[in-house]
Structures are given as C-alpha cells and as structure tokens.
1. For the stretch A:1-139, count all C-alpha to C-alpha pairs, find those more than 22 Å apart, and express that count as a whole percent of the total.
2. Give me the inter-chain shielding for B:207-219: mean count of other chain Cβ atoms within 10 Å, whole number please.
3. Pick from A:370, A:20, A:151 the residue whose mean-square fluctuation is largest in a GNM of chain A, springs joining Cα atoms under 10 Å.
4. How far apart, in nm, are the 7 Å Cα→Cβ label points at residue A:349 and residue B:237?
5. Over the Cα atoms, compute the radius of gyration (one decimal) and Dmax (the largest Cα-Cα distance, rounded to a whole number) for the stretch A:142-250, in Å.
6. By how many degrees, between 0 and 90 and to the nearest 10, does the Cα long axis of helix B:25-36 differ from the longest principal axis of chain B?
7. Can you tell me what share of the DSSP beta bridges in the stretch A:58-365 is antiparallel? A percent to the nearest 5 is fine.
8. Run the quick spin-label model on residue A:314 and residue B:259: label points 7 Å from Cα toward the beta carbon, then report their separation in nm to one decimal.
C-alpha cells in the first residue's frame with residue numbers, strides 16, 4: 001500500500017465546503033482523509049510539504065482540443081496532457097471534432113488508449129451528435145455512451161435543420177446524455193471572424209453579431225419547452241445569452257453553461273490592429289458582454305470556467321487575420337486567469353472560483369471528479385497563489401504557442417499535480 | 001508593444017503606409033504639401049525626378065486592379081525607381097505557397113518596397129510585421145479595411161478646391177460597409193478637422209458602429225446632401241445584390257443614385273468625387289459624372305503626385321539609410 005501525506009497547505013475543497021489549513025492523506029491512489037491529523041494507523045511513506053500553497057482538487061476542464069487523432073502536426077494527446085498537468089488540470093473533456101470525428105466507438109477507444117499511455121491526465125470525450133458532425137443523420141449515441149462518451153455535441157458545426165436538432169435532443173435524452181451546444185446561428189454568423197461592433201467597423205472585418213448567439217440560445221430554449229432534454233451551452237460570449245439562460249433556469253429548465261477563461265479578461269478591443277492571437281470563436285465581444293459573463297458566473301447562471309484550449313502550429317496563425325485559424329493555447333493560463341476573478345473588490349472568493357474549475361464542471365459531465373472527498377481518486381492540484389509569472393509562449397509546455405496573453409503578469413502558479421495519487425507534474429523551479 | 005506605432009519609425013517618421021488611423025494631422029499635411037511639389041513633374045518633357053534612383057519597388061497585387069496599379073507604377077517610375085509588377089491570382093496562393101514564403105523569396109531579390117493589394121483585411125499589416133527591417137510596405141487596399149493612398153489623393157483634391165478643411169461638410173454615399181476607401185476617407189477627414197462628415201446609404205450597407213468612426217448617418221440621399229461642399233460617391237459592387245443587402249440596382253439608383261436634381265441639394269459650388277471605376281446609371285448619372293462639378297479625372301491625375309510623395313517619404317527617411 002503506497003501512502004502519501006500532503007501537509008501544511010490551505011485545503012480548498014468546495015464540494016465539501018472546506019477552506020482552511022489541513023493535511024490530505026492518500027493511499028493507493030485515493031483520498032483517505034482530509035484533516036489536522038492522519039487517521040488511525042496511517043503511516044505516510046512520502047510527505048509533500050505544501051506550506052504556503054493551496055491544495056485543491058485537480059481541475060476539470062470542459063473543453064480542450066488535443067488535436068489527436070488527425071492534427072498531430074499541431075499537438076498530440078501526450079503533449080497536451082503534459083500541458084494540462086502543468087496547468088493543474090487532471091480531467092480534460094475533448095469535443096468530438098477530431099479527424100476522424102468521434103462518431104464511432106473505435107475512435108473513443110483510440111483516444112482512451114492514447115490518454116492512458118500518456119498518463120498525465122484523465123481524458124474524457126464527447127461523442128458526435130450527428131454522423132460526421134454533418135447535421136443530418138443521428139450518430140449512434142447509445143454506442144458512443146457505452147464506449148465511454150460523457151455527452152454528445154455537434155461541436156462548432158451547425159445543425160441547420162431544426163427538425164434534426166429536435167430529434168437529436170430527444171434521442172440524446174432517451175439515453176440520458178447531456179447535449180453540449182455551441183450556440184451560433186450559421187446564417188447570422190456567415191463568414192464573420194470578429195464581433196460585429198466597433199472593431200469590425202474600424203478594421204473592415206466581417207462581423208458575427210451577438211444575435212448569432214442569442215438566436216441560437218433562444219431556439220434551443222424554445223425546443224426544450226417541448227423536449228425533455230438536458231442541454232449544456234458551451235462558451236457563452238454575449239451578456240444577453242446569460243440573461244436568456246437565467247430566465248430559463250428560473251423556469252426550471254435543465255440547462256447549464258460555461259465560459260472560456262479568456263472571455264472574462266479580453267474584449268474586441270484587444271484585437272488592436274489585427275492581433276491574430278485574438279482571433280477566437282466565439283469572438284471576443286464588448287466590455288458589457290465581459291461584465292455580463294462575469295455577473296453570470298457570480299450568480300451561478302454560468303457554473304463552469306473552461307480553457308477552450310486550441311493549440312495551433314505557428315503557420316496556422318501566420319496569415320492575414322480572417323485567414324488564420326481561431327483559438328488559443330490555454331491550458332496553462334486557465335487557473336491564473338480564473339484566480340484574477342478573486343481578491344480586491346471582486347465578488348468571488350477563492351473557494352467559489354475553485355468550485356467553478358472543479359466540482360461544477362465535473363457535475364456538468366456527470367463525473368465524480370473535482371473533489372477531495374474520502375474515497376475519491378486522488379487528483380490534486382497544488383498551487384502557490386501568490387507566485388507571479390510572466391506568460392512567455394516559448395516556455396509553455398503545450399505545443400501550441402498561440403496565446404494572446406504574452407507578457408501578462410499572472411498570479412498563481414501550479415507547483416504539483418497528482419493524478420490518482422501519482423505526481424504527474426512538479427515544477428522544477430518552485431518560486 | 002503598441003501595434004499603433006508599426007507604420008512609424010522611432011523618430012515618428014513614416015516607415016510604412018498602412019492605414020490613416022492613428023496618424024497625426026501634421027503627417028497628413030506634410031504628405032499633402034510634399035505632393036504639391038510633384039504635380040508639375042507630369043507636365044515636363046522629362047517626367048522624372050531622381051529621388052528613388054537605384055531603389056526597387058514591387059507592386060504585389062493579389063487582387064485585380066488597373067487604375068491603382070498603374071498610378072503606383074507611374075509614380076515609382078517618375079521617382080526613377082525600378083518597378084516590378086507581380087499579379088497573383090488567388091488560385092496560385094492556394095497551390096500551397098504561403099504568403100510568407102512568397103515574401104521571403106521576393107525579399108531575397110533585395111527590394112526596398114512592397115505595394116500590396118490583397119482581399120483580406122489586415123494583409124498589409126501582416127506583411128509589414130514580417131518583412132525585413134529595411135523594407136517599406138504601402139497598403140494599396142486590403143479587403144474592406146483601408147486604402148490610405150486613395151484617401152490621401154482625395155484629401156489632396158478636396159484641399160485644392162476647398163482650401164480649409166475645418167469649414168467643410170462632406171458626404172460619402174453608398175456601400176460604406178464594404179468600402180476600404182470610405183474607412184480611410186473617414187479617418188483622414190476627421191484627422192484633418194472636417195467638422196461634418198456624413199455617410200449616406202441603406203442600413204444594410206452602413207457598419208453597425210459607424211457613428212463611433214466620427215460620422216453622421218443618413219438613410220435619405222437628399223437629406224444627406226443638404227448643404228454639403230463635397231460629395232463622394234462609392235462604387236457599388238455587383239455582388240451586393242446577393243446576401244440580401246439590396247433588392248436591385250434599379251432600386252439602388254432610385255434611392256441613392258446621384259442625379260443633377262439630387263445634387264442640387266448640395267452647395268452650388270460642391271464638387272463630386274468617385275474613386276472609380278464608375279457604374280454609370282447605378283451610383284451616378286452620366287450627366288453628373290461628366291458634369292461641371294465632377295473632379296473625378298482630376299483625382300486620377302492627383303493620385304500620381306500623392307503616391308510619389310508617400311513613396312518618397314517612406315523610402316527617403318534621412319537620406320535613405322538601409
């Protein structure tokens with residue numbers, strides 16, 4: 001029996017309402033106890049000194065593209081699981097838009113095998129809602145669920161036909177699968193690549209209006225009045241969407257939502273004169289939208305913060321703005337960007353932010369992760385909440401160096417990450 | 001760090017010419033004043049000055065253009081530079097050579113300046129960020145973003161007719177949404193102190209946040225032209241009939257086509273401009289295009305002098321250090 005004690009840290013475990021000094025005791029990859037003293041008969045073979053640090057459950061990330069299978073020139077499951085570990089993330093959820101698409105059990109099994117071989121993080125995947133994500137024929141959702149998919153989604157691809165959308169929601173509900181929806185009306189979004197606002201007006205870039213999102217959210221909410229499905233809205237970007245969702249939740253609809261960490265810190269203004277690293281989907285919107293998203297997070301309308309990690313090879317960003325591929329490499333900035341929402345006059349405290357990175361996203365996925373409860377897998381993130389570091393793309397573990405946060409000084413740095421009680425990441429130069 | 005500075009060198013002089021936005025009134029005025037010196041070059045028997053002798057300028061056109069490319073070519077030749085025209089159809093870049101590879105190859109031929117036209121907004125900024133430090137980039141039009149040399153030749157033409165910018169009313173009519181010319185003109189007019197800049201068109205062709213650019217929006221042509229000193233008509237691209245932006249050319253002309261009757265709402269001495277080429281009978285009646293208030297051909301002539309000034313200023317910094 002291998003045993004480990006993490007001592008002297010501030011344990012923040014929102015699922016159990018814990019926030020204070022305590023030790024964490026681990027045996028055979030599981031949490032045994034959290035408290036001031038070891039349980040009777042517990043002898044730690046190893047001790048990890050966490051004084052001055054926060055000991056939290058490993059982060060659960062609702063959206064990370066690992067680029068494998070299909071785009072290994074950008075990144076691999078192994079490379080990005082290592083990056084996740086460096087970011088304190090122990091469970092990653094992949095959208096199904098790999099090549100090939102996750103619409104057969106074989107692809108799910110391949111992903112699980114590669115992730116297990118990498119070993120640095122747990123990888124779960126969403127299955128396709130429609131075959132090939134083409135929006136016409138339902139995917140074999142029951143089969144995908146048996147293979148281990150934790151939900152279904154059409155990722156960024158639209159389902160043009162409203163009837164197909166309705167049937168897909170109904171069918172997913174019959175198999176007790178949550179449908180993960182990226183709300184974007186394809187007609188209103190057209191070939192847009194930035195928010196339809198001041199920056200689009202100035203730079204002559206084709207815009208995606210906020211209504212592309214709100215119309216799609218409203219469409220799903222209206223369908224849900226008839227269809228008893230469970231829907232999770234992915235990557236909200238518009239304040240008005242949060243309002244629509246709050247009303248639906250008030251009416252008792254089973255809908256949840258997440259937001260990408262960068263949407264809580266950047267606006268369209270950060271595009272400046274065509275900064276390709278700010279080319280995102282959904283696009284960065286206005287200050288008012290940013291504040292609306294933050295308010296939604298505080299009120300609990302939006303329950304999870306995710307990375308929306310999209311690593312790219314350098315060529316993918318070396319072109320005029322609209323011709324570049326959208327997305328940022330975000331695993332390693334997820335935690336510190338979320339921590340920026342605490343302190344000072346911010347309405348969220350540390351435990352509330354940790355909840356939105358751990359037990360809340362785990363709940364969306366229906367996983368027992370994101371907690372330090374006795375018996376749970378010992379997935380732990382230990383970080384120094386006061387360590388300052390400057391984002392330098394070349395020092396990221398991820399193969400994707402595409403970040404708009406270059407030069408930002410962030411506070412909060414992961415020092416150790418444990419998956420199943422095993423140290424999968426340890427910072428070489430703890431600050 | 002600030003991308004705003006990319007077109008200026010560390011002494012605040014023009015290094016690239018990518019957009020009017022962010023430039024000072026002093027620089028714009030300097031360009032206009034400098035261009036005055038070149039207006040007579042075309043009238044001399046020897047139509048050349050030796051300012052850029054030995055320099056190599058590449059016109060890199062990813063979009064078809066006759067007028068702009070020709071005036072850039074003439075401007076460069078009248079400055080005694082060597083000029084190479086490269087027309088790249090969209091298909092040849094699609095064959096796999098990236099824009100950056102192509103630039104590296106051209107740079108290896110030791111050129112001093114790229115004049116770039118490209119269909120994608122921001123293309124000129126992208127190229128300017130990646131060229132060797134001694135190479136200057138001039139934006140000859142990038143998608144719907146900017147066409148700063150066109151805007152400067154328009155300012156030059158306005159100044160020659162109207163003198164003081166700070167008393168003028170200027171109306172820009174047509175497809176503002178997709179117009180790089182309009183965006184550059186709006187910046188230039190605001191920077192030069194024009195107190196009343198108007199844009200006129202249907203809501204489908206006006207960008208959502210147009211007032212933030214410093215313009216007043218009008219949907220009615222007669223109202224928008226009331227008492228203005230300068231009328232700038234924009235070209236209407238045929239493809240605007242798709243995408244439900246407009247019902248028909250016929251209806252567009254009825255509402256926004258410039259006829260002598262509608263022009264009568266402007267001041268009697270108002271001038272009429274158009275960046276060319278004109279769709280006669282769509283945005284403008286021939287009676288106006290060829291009428292006494294039209295300065296459209298003068299714009300073309302002025303384009304050479306203004307482009308000479310901009311090329312000489314960007315390449316001629318401090319006697320042209322490498």
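1. Roughly 51 percent, rounded to a whole number.
2. Values: counts 8, 8, 8, 1, 1, 5, 3, 0, 0, 0, 0, 0, 0.
Mean shielding by partner chains, rounded to a whole number: 3.
3. Between A:370, A:20, A:151, it is A:20 that shows the largest mean-square fluctuation.
4. The two pseudo-label positions are separated by 5.6 nm.
5. Both quantities, over Cα of the stretch A:142-250: 15.3, 50 Å.
6. Tilt of helix B:25-36: around 80 degrees.
7. Values: 1 of 26 bridges.
Of those bridges, close to 5 percent are antiparallel.
8. In this crude spin-label approximation the distance works out to 6.0 nm.
Only the coordinates and a few stated rules stand behind these numbers; no lab work does. Computed from a predicted model, the values in this text were never measured in an experiment. Note: ideal-geometry Cβ built from the backbone for every residue, glycine included; neighbour counts use all protein chains shown.
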